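Novice: Have a look at the structure that comes next, please.
The values are calculated or read from the model by the stated rules, or taken from the named source; none is laboratory data. No experiment lies behind these values; they were computed from the predicted model shown. As a convention, Cβ positions derive from the backbone with ideal geometry for all residues, glycine included, and neighbour counts pool all protein chains shown.
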Amino acid sequence: MSETTTVPMVLAEQVTKSFGSNEVLKGISLEVKRGEVMCLVGPSGSGKSTFLRCINHLEVLSAGRLSVDGELIGYREANGKLYEMAPKEAAKQRRDIGMVFQRFNLFPHMTALQNVMEAPLRVKGLAKAQVEQTARTLLDRVGLADRADYYPAHLSGGQQQRVAIARALAMEPKLMLFDEPTSALDPELVGEVLDVMKGLAKEGMTMIVVTHEMGFAREVADSLVFMDAGVVVEAGVPSEVLSNPQHKRTQAFLSKVL
Amino acid sequence: MSTLNRDGAATVPASPEGSSSDPIKAIRLRHPWRVVFAVLLVAGFALFVIDAAFRPAFDWPSVGKYIFDRRISMAALVTLQLTVYSMVIAIILGVILAVMRLSPNPVVKSLAWFYLWIFRGTPVYVQLTLWGLIALIYTTIDIGIPFAEPWVSFSTQAALNTFALAIIGLALNEAAYMAEIVRAGLLSVDKGQEEAAVALGMSWSQTMRRVILPQSMRVIIPPTGNEVISMLKTTSLVTAVPFSLELFTRSRDISAETFNPIPLLIVASIWYLFFTSILMVGQYFLEKRFARGLGDRQPDKKSFGAPTGAITGIVPVVGAGQPTVVVPPKNDAPGNRGQL
């Protein structure tokens, strides 16, 4: 018991990622504790999203190590050697890591309810009645109980993103990754999505959020990491980093977005 | 930033009339030539129909006599069987070939490309003729380990009758075209869909079956409908195998006895038209089924439907993955907000 509480939820050690000759991540090392909310901020092209995608193995690392809940992502270690995981094993790891995308990526041919039910039904193979009940509860939690039978095209961006959050929660993840969840939304719809995320944070969900919402970072996040050009420039308590940035690049970035 | 005037208010060109606009009262523009042209077309068409009705060469009494002739209706059934069987095989094979062409394995990819090159690059009539001669090329079909004594061996001639060869010939040719249609469909689905499915822990085959294929159907069905209709007509070429029990060859055979080919060609055409009409209706409903959830867009219709309550308009963006939804601010009422 004591061991599981000390193991960090996410541990990245010198994570490096290149696309061809373009090195996007140049050795990212950071730690996210259980129940912690971390916000990743930085200019576009700084590698925030790529790093997030490495965590659930949507991108394969070029170098370094990344583990979630003490388990190496994408590889199995035996006798000091690393073995690449079969797709099935990788899929199993992803079940426990929820992801929310900038463009929502809801399945357009399924209703909101079907979207939320899909993974528990097909991936976990749970009974339909039980899955539906859970799905309806989740939609209610994100304030969309009355929109269960709507197709994504008939929902606003903010509603779609809240369905997407419910869909990710339906797999009962231990970690939630948010990839700029409010960047594709009209300004007046941002609040409803952030409200849902605040609620999640309050409940103790471990979250990594790539965002440009500094207000959210200040209010909700336990830690704030500023990335630029593939490296972590500055990290710390959000209020301190935001009000008193130490590094020149952080200062320059924050002066533009705040 | 809008330009501000000295008082700090945004400068907006004021409209003097305001909203007090009356419906326009104007004399409608006439289109006399449209009317003249339409009358001419109708008159010409009527003339053709009346002339055809009384032209002896069409021999309408014979058309009436043969349209429900047992030999003809049986042949129509065979044509339908040829179409359905070869299309089903072609679609399955087409999906396999399409997935092979998108495979990361270069050998698998090249093999699928080679198949397409051969079967699209040669006329189907030539292919059907060659299938008819298959027994001369491969006299026996052996099952077993290569270069060893086969476990089972039977003669090609006995194993494959001309009906089977006709289906093989049509299906293998059609599969090459279906592969391209399916590939286009798979590529039309936004990449984010696959990522979302994978991120949920879905396997490759689940992602394909539950997420990618159903969405690609919208792109796949219209050209596939074309292919089915085209296949119905291509079945008339299986006489090259030679297989002679389908609609066209059968009506040719009958007219060879009666020395009266024209009415029988009309009989065959009527049957072909009847089937294509049914297929077109079927396609309409299939398209409607797979347009689920994609706004108010319906097959073969341009209108976006009337606004329903909260939503002012939906603009589906083809290929862009997510439709743009325009919603009035009132939809963002506090009661609608996420509450946890």
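Novice: Taking the range B:142-192 on its own, how many of its residues are surrounded by fewer than 22 Cβ atoms within 10 Å (Cβ to Cβ) and within 14 Å of chain A (Cβ to nearest Cβ)?
Specialist: So the count comes out to 5.
Novice: For residue A:98, work out the one condition from (1) surrounded by fewer than 19 Cβ atoms within 10 Å (Cβ to Cβ); (2) under 15 Å from the mean Cα position of the chain (by Cα); (3) within 11 Å of chain B (Cβ to nearest Cβ); (4) not hydroxyl-bearing (Ser, Thr, Tyr) it doesn't fulfil.
Specialist: (1)
Novice: Ok, one more. Quick one: would you say residue A:153 is assigned to a helix (DSSP H, G or I), within 10 Å of another protein chain (Cβ to nearest Cβ) and in contact (Cβ under 8 Å) with a residue 40 or more places away in the chain?
Specialist: On the way: assigned to a helix (DSSP H, G or I): yes; within 10 Å of another protein chain (Cβ to nearest Cβ): yes; in contact (Cβ under 8 Å) with a residue 40 or more places away in the chain: yes.
Against the criterion (assigned to a helix (DSSP H, G or I), within 10 Å of another protein chain (Cβ to nearest Cβ) and in contact (Cβ under 8 Å) with a residue 40 or more places away in the chain), residue A:153 qualifies.
Novice: Does residue A:36 satisfy being among the acidic types (Asp, Glu) and modelled with pLDDT under 95?
Specialist: no
Novice: Could you list, in sequence order, the residues of the range A:103-135 that are assigned to a loop (DSSP other than H, G, I, E, B) and over 23 Å from residue B:216 (Cβ atoms)?
Specialist: A:124, A:125, A:126, A:127
Novice: While we're here: Where residues in the range A:47-65 are touching a Gly at 6+ places or on another chain (Cβ under 7 Å) and either within 14 Å of another protein chain (Cβ to nearest Cβ) or among the small types (Gly, Ala, Ser) (or both), which of them is nearest to residue A:213 (Cα to Cα)?
Specialist: A:47
Novice: A further question on this structure: Going by the conditions given, is residue A:250 closer than 26 Å to residue A:61 by Cβ, in contact with a Phe, Trp or Tyr (Cβ under 6 Å, 6 or more places away or on another chain) and not hydrophobic (A, V, I, L, M, F, W, C)? Let's see the steps before the verdict.
Specialist: Numbers: closer than 26 Å to residue A:61 by Cβ: yes; in contact with a Phe, Trp or Tyr (Cβ under 6 Å, 6 or more places away or on another chain): yes; not hydrophobic (A, V, I, L, M, F, W, C): yes.
Taking the combined requirement at face value, the residue satisfies it.
Novice: Does the range A:72-86 hold any residues that are surrounded by 12 or more Cβ atoms within 10 Å (Cβ to Cβ) and within 14 Å of chain B (Cβ to nearest Cβ), and which are they?
Specialist: Selection gives A:73, A:74, A:85.
Novice: Restricting attention to the range A:101-138, and to residues there that are β-branched (Val, Ile, Thr) and more than 8 Å from chain B (Cβ to nearest Cβ), which single residue is nearest to residue B:190 (Cα to Cα)? Before you say what the answer is, go through the steps one by one.
Specialist: The initial filter retains those residues of the range A:101-138 that are β-branched (Val, Ile, Thr), namely A:111, A:116, A:123, A:131, A:134, A:137.
After this cut, where a residue has to be more than 8 Å from chain B (Cβ to nearest Cβ) as well, the list is A:116, A:131, A:134, A:137.
Values: A:116: 19, A:131: 27, A:134: 28, A:137: 29 Å.
The qualifying residue nearest to residue B:190 (Cα to Cα) is A:116.
Novice: Now, a different point. So, residue A:189, is that one at the interface with chain B (Cβ under 10 Å from one of its Cβ atoms), without any contact (Cβ under 8 Å) to a residue 12 or more places away in the chain and either closer than 27 Å to residue B:217 by Cβ or among the hydrophobic types (A, V, I, L, M, F, W, C) (or both) or not?
Specialist: Answer is no for this residue.
Novice: Go through the range B:210-227 and report how many residues are surrounded by fewer than 21 Cβ atoms within 10 Å (Cβ to Cβ) and more than 14 Å from every other protein chain (Cβ to nearest Cβ).
Specialist: 5
Novice: Here are some residues: A:221, A:201. Which one is away from chain B (no Cβ under 14 Å) and either surrounded by fewer than 20 Cβ atoms within 10 Å (Cβ to Cβ) or touching a strand residue (DSSP E or B) at 6+ places or on another chain (Cβ under 7 Å) (or both)?
Specialist: Step by step, each of A:221, A:201 is checked, and only A:221 is away from chain B (no Cβ under 14 Å) and either surrounded by fewer than 20 Cβ atoms within 10 Å (Cβ to Cβ) or touching a strand residue (DSSP E or B) at 6+ places or on another chain (Cβ under 7 Å) (or both).
Novice: Let me ask another. If residue B:245 satisfies every condition in (1) modelled with pLDDT of 90 or more; (2) assigned to a helix (DSSP H, G or I) but one, which is the exception?
Specialist: Every condition holds for residue B:245 apart from (2).
Novice: When you check residue A:184 against the structure, is it touching a residue at least 24 places away in the same chain (Cβ under 8 Å), assigned to a helix (DSSP H, G or I), at negative phi and within 12 Å of another protein chain (Cβ to nearest Cβ), yes or no?
Specialist: Answer is no for this residue.
Novice: Residue A:68: in contact (Cβ under 8 Å) with a residue 60 or more places away in the chain and more than 7 Å from every other protein chain (Cβ to nearest Cβ), yes or no?
Specialist: On the way: in contact (Cβ under 8 Å) with a residue 60 or more places away in the chain: yes; more than 7 Å from every other protein chain (Cβ to nearest Cβ): yes.
Spelling it out, residue A:68 is indeed in contact (Cβ under 8 Å) with a residue 60 or more places away in the chain and more than 7 Å from every other protein chain (Cβ to nearest Cβ).
Novice: Would you confirm whether any residue within the range B:251-270 is within 16 Å of residue B:83 (Cα to Cα) and either buried (at least 19 other Cβ atoms within 10 Å of the Cβ) or within 14 Å of chain A (Cβ to nearest Cβ) (or both)?
Specialist: yes
Novice: Answer yes or no: is there a residue in the range B:231-240 that is within 14 Å of chain A (Cβ to nearest Cβ), in a helix (DSSP H, G or I) and under 15 Å from the mean Cα position of the chain (by Cα).
Specialist: No - not one qualifying residue is present in the range B:231-240.
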